[in-house]
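Novice: Sharing a structure, written as structure tokens. Questions coming.
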Amino acid sequence: MAVPVDNLTKPTPASSTLRFAFGNVLAFFILLLIGVLAFSIRLFSVIKYESVIHEFDPYFNYRVTQFLTKNGIYDFWNWFDDRTWYPLGRVIGGTVYPGLTLTAGTIWKVLQSLNIPLSVETVCVFTAPVFSAFAAWATYLLTKEVKGTGAGLTAAVLLAMVPSYISRSVAGSYDNEAVAIFALIFTFYLYIKTLNTGSLFYATLNSIAYFYMVCSWGGYTFIINLIPMHVLLCIVTGRYSSRLYIAYAPLVVLGTLLAALVPVVGFNAVMTSEHFASFLVFIVIHVVALAYYIKGILSPKMFKVAATLVVSVGVVVCCAVVAVLVAVVASSPTKGWSGRSLSLLDPTYASKYIPIIASVSEHQPPTWPSYFMDLNVLAFLVPAGIIACFAPLSDASSFVILYLVMSVYFSGVMVRLMLVLAPAACIMSGIALSEAFDVFTRSIKFYISNLSEFLQTDAGDTLPGNNVSPQNEVLKNEKKEDTLKERPSRKNKKKEKENIEKPYVKSKTEKRPLVLPVEASFFALFLTVLLGGFYVVHSVWAAAEAYSAPSIVLTSHSHDGLHVFDDFREAYAWLSHNTEVDDKVASWWDYGYQTTAMANRTVIVDNNTWNNTHIATVGTAMSSPEKAGWEIFNSLDVKYVLVVFGGLVGYPSDDINKFLWMVRIGGGVFPHIKEPDYLRDGQYRIDSQATPTMLNSLMYKLSYFRFVETDGGKGYDRVRRTEIGKKYFKLTHFEEVFTTHHWMVRIYKLKPQKNRIRGKTKKSKSKTSPTTPRSGTVKKNPWH
Amino acid sequence: MGKSTVTTKDDAQALFHSLRSAYSSTPTNLKIIDLYVLFAVFTALIQVGYMAIVGSFPFNSFLSGVLSCVGTAVLAVCLRIQVNKENKEFKDLPPERAFADFVLCNLVLHLVIMNFLG
């Protein structure tokens, strides 16, 4: 990668091969260390807490993996899960992205066959760190294809530690992104490799890697839209070559077929708008290829004739095809895009039409501090990397630039997608840092070699140190060599003539590459190393403090030591030991996966959120008065209701804070729930100024029942920082069966229907037998 | 308008002749590959026509049939690109390696087709 500094001490072939061999061995060991680093930095949560699965979604994946290891793959493909979304159930085989579970299941199986008895949970917990090591190696390979080994190693070490990626792949975060990011980078690497070498073998591997990506994550649509965009960019900027055709066309055909093989994608691979870009560019590249071929076999005059003929006929045909396509696409209400894609393209779409997508905290747009928290130093190394990519601009570097720009846009829409930005930022920063190091070390080597040779022209050699221009001119020299080699296209004949003349002129005036003054380069080298030091310190801090919380166990430090809040597992364990196997538990959808995985009970709604009406039913039940809520839950055969309450300990993500979303989602389907009814003057309050609808709602009652007993009559809510409004009340339709140690989870049981109703006679009351669970009143059916 | 149509017709004929003469000078092995590509595309068109008549019920079978034809056509074009002696980018690639890659890619393609055919 380094340009030979001066011509006087040319290395002999033997010493240069030795140097290359030494460099390769060193690179190998560095890569090994990078893998170890990537693995170990993610182990903080295991050290600080325990080896446990984190958050919510990983519990579902863990449950699916357990099922897979117990029952085998055929039962897994055909699994219909009736313990969730009661009474609808869920077709697991057809709605889950199987890559992660199949990967972990395979690893477990291999280890079992080698007689290494790791439990499924251990394999699940440590899958993410292992695959992040692989992702770092894939980044090395990708950047090596773009710029060279030095940039590759730098990018790999940056990716191993970038906080954004750590946040989604700590030990215990057993989620799709753990393997998907590796698949993403590896697919991009194989695409660039195919583009650089033009080998059909790598094209096949590329399609298989893309298949693995489709299996792993819904974000595969990013790949199948980015690669066609890049192909279009190459065609439009005149960089079409037959290698581009070989890189793209087999990928589209094989990739579409392989994507259709995955049940969750199925025919969406050919019918949704997310894939249309690839087909359009497929047609475009065939037209372009044909045009180049005909241009090659005809004389220029005849080609002009052909062009005019084709253009006149082709325009008509094109218009017809485009009209048909537009009609087909416009006939569907969402223009063929799925809801999630639309919410990405139009950031305001979700809040208007799909409140569930808008309510997830990971789907909010990021704030500026989160860029610095998640990317740190990379945030300002990226522009330097972009400039370095432009000199020289090759197919591979144009791809990386496009990838970066697209991922920056999408990361601005959703915080969760900062994860897709992280590899691009690492690649760019790796390129920038590597180029900077090149210049500095070249200056130092140059100075040392000059010093040791006592040349007379020492004084006039080094040009005044301007950071930008020497770098540019040095790189321009390299660019000229590359342009002469890389662009044999006929269009640039004129430019080439100029370029050929320029090196002859330049080589007379500058025999040596430009370098910086040696003091400046030493200082700059020191500063760059310091910059790297800052990045490392920040990444380790972020990994240890910010991103290692398993969120199923909470800790807090106080003057008398460490408090551990293990309330969630306490509640789920109570449920699994004290209720019947077939009992249904209702809670807000956040806790569905955990309840099915840890408590092993049937739930009504869970984190998959595929059925908005069902979630709205639960939301309505929570927002209604006690009796109406009881009726809704009773119609769903619910036995227990689970509520998360943080008022006693100050846990801010409890159900009362999420209550407005329940109201909004419920109100979106059942119009008798109106959000303004729960707000006093537009403010959400639960104190004495709260609206009566709020104070009577089921959620309020279930959260604050007997709360005044905890602090002697005041009922001070530590999260909302006020005293509660209604302090003393009784529950008529529910009975409290369990409250955890810190009151964080509260479980209530539905009281059975009374046999006879005392008091005033209701309208259609007749002598009902004790066994029919029919209420005496006219049943208001909320969903008719 | 009359004059331009006459010249257009002349142009078209001249174009056709020059295309024909230029194409006849390609080597035979490339012409065989071209024939194979044409056959694959023709088969795909027949399948699409059949679907238009009969309906697309086992849609996965239809997709796999059409995409297998398109796939082998694309792969054959890639082979042609790599084997073509006039292509300077690939002059270091031995044609046996190109053919081996072609066979491998076809194997993967047809494995997937067999799986998806239902």
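The values are calculated or read from the model by the stated rules, or taken from the named source; none is laboratory data. What you see is a predicted model, and the numbers here were worked out from it, not measured in a lab. Backbone-built Cβ (ideal geometry, glycine too); neighbour counts: all protein chains shown. To get the accessible areas, we keep the full protein, side chains included, count just its heavy atoms, and leave off ligands, DNA and RNA. Shrake-Rupley method; radii C 1.70, N 1.55, O 1.52, S 1.80 Å.
Novice: Can you bin every Cα-Cα distance in region A:529-673 into 10 Å intervals starting at zero and give me the percent of pairs per bin, rounded to whole numbers?
Specialist: 10, 32, 30, 16, 9, 3, 1
Novice: Hey, what's the Kirkwood Rh for region A:129-266 if you take every pair of different alpha carbons, in angstrom?
Specialist: Taking every pair of different Cα atoms in region A:129-266, averaging 1/r and inverting gives 15.5 Å.
Novice: Something else now. Once you put a point 7 Å from the Cα of A:Gln683 and another 7 Å from the Cα of A:Asn115, both along the Cβ direction, what distance in nm separates them?
Specialist: 7.1
Novice: While we're looking at this one, here's another question. So for each of A:677-686, A:167-176 I average, over its residues, the number of other beta carbons within 10 Å; can you give me the resulting order with the highest mean first?
Specialist: Put in order of decreasing packing, that is A:167-176, A:677-686.
Novice: On the first, second and third principal axes, largest extent first, how far apart are the outermost C-alpha atoms of region B:26-118 in Å?
Specialist: Here the Cα extents, ordered largest to smallest, are 47, 26, 17 Å.
Novice: How far apart, in nm, are the 7 Å Cα→Cβ label points at A:Ser576 and A:Tyr409?
Specialist: 4.6
Novice: In region A:73-204, if every C-alpha pair distance is counted and binned at 10 Å from zero, what percent goes to each bin?
Specialist: The percentages, shortest bin first, are 12, 30, 31, 20, 6, 1.
Novice: Per DSSP H run of at least 4 residues, take -39500 (n - 2.57); add these up for the protein assembly as shown, divide by its residues and hand me the 222 nm value, nearest 500 deg cm²/dmol.
Specialist: Computed ellipticity for the protein assembly as shown at 222 nm equals -20500 deg cm²/dmol.
Novice: Additional query: Can you give the relative contact order of region A:191-315 as a percent, counting alpha carbon pairs under 8 Å and 6+ residues apart?
Specialist: Relative contact order of region A:191-315: 29 percent.
Novice: Further question on the same structure: Normalised radius of gyration for region A:596-738, please: alpha carbon Rg relative to 2.2 N^0.38 Å, two decimal places.
Specialist: 1.03
Novice: Calculate, axis by axis, the spread of Cα positions in region A:621-661 along the three principal axes, and write the results as whole Å, longest axis first.
Specialist: 34, 19, 14
Novice: Over all distinct alpha-carbon pairs, what is the Kirkwood Rh of region A:35-91 in angstrom?
Specialist: The Cα-based Kirkwood calculation yields 13.9 Å.
Novice: So what is the relative contact order for region A:630-759, in percent, with contacts set as C-alpha pairs under 8 Å and at least six apart?
Specialist: Dividing the mean separation by the residue count of region A:630-759 yields 32 percent.
Novice: Considering only protein heavy atoms and a probe of 1.4 Å, how much of the accessible area of the protein assembly as shown is carbon and sulfur, as a whole percent?
Specialist: On the protein assembly as shown, the fraction of accessible area on carbon and sulfur atoms equals 65 percent.
Novice: Here's a follow-up. In whole Å, what is the distance between the alpha-carbon centres of region A:514-548 and region B:14-90?
Specialist: A separation of 55 Å, based on Cα centres.
Novice: Report the antiparallel proportion of the DSSP beta bridges in the protein assembly as shown as a percent, rounded to a multiple of 5.
Specialist: 80
Novice: Going 7 Å from the Cα of B:Ser24 toward and past its Cβ, which residues in region A:272-312 have a backbone nitrogen under 19 Å from where you end up?
Specialist: Residues passing the 19 Å test: A:297-299, A:302.
Novice: Which whole-number percentage describes the relative contact order of chain B, with Cα contacts under 8 Å and a sequence gap of 6 or more?
Specialist: 27
Novice: Based on the Cβ-Cβ distance from A:Cys318 to A:Thr367, what FRET efficiency comes out when R0 is 45 Å, to the nearest 0.05?
Specialist: 0.50
Novice: Another question, then. Checking an interface number: how much accessible area is buried between B and A, summed over both chains, with a 1.4 Å probe, in Å² rounded to 100?
Specialist: 3000
Novice: Gain in length, A:Val529 to A:Thr122, computed as 0.36 nm per residue apart minus the alpha-carbon separation, to one decimal in nm?
Specialist: 142.8 nm
Novice: Please compute the modelled spin-label separation between A:Thr308 and B:Ala100, points set 7 Å along Cα→Cβ, answer in nm with one decimal.
Specialist: The answer from the label model is 5.1 nm.
Novice: Suppose we keep just the alpha-carbon trace of region A:217-329; what are its Rg and Dmax in angstrom?
Specialist: Reported Rg and Dmax, both Å: 16.3, 53.
Novice: Ok, one more. Counting only other chains, what is the mean number of Cβ atoms within 10 angstrom of the Cβ of each residue in peptide A:241-251?
Specialist: Mean shielding count: 4.
Novice: A further question follows. List every DSSP H helix in chain B whose Cα atoms extend 18 Å or more along the helix's own long axis and whose mean Kyte-Doolittle hydropathy is at least 1.6.
Specialist: B:28-54
Novice: Keeping all protein chains in position, work out how much accessible area A:Ile387 exposes to a 1.4 Å probe, and write it in Å² to the nearest 10.
Specialist: Spelled out: A:Ile387, probe radius 1.4 Å, area about 110 Å².
Novice: Not counting ligands, DNA or RNA, and with a 1.4 Å probe, what is A:Leu114's accessible surface area in Å² rounded to the nearest 10?
Specialist: 110
Novice: Over 57 Å apart: what share of the alpha carbon pairs of the protein assembly as shown falls there, rounded to a whole percent?
Specialist: 23
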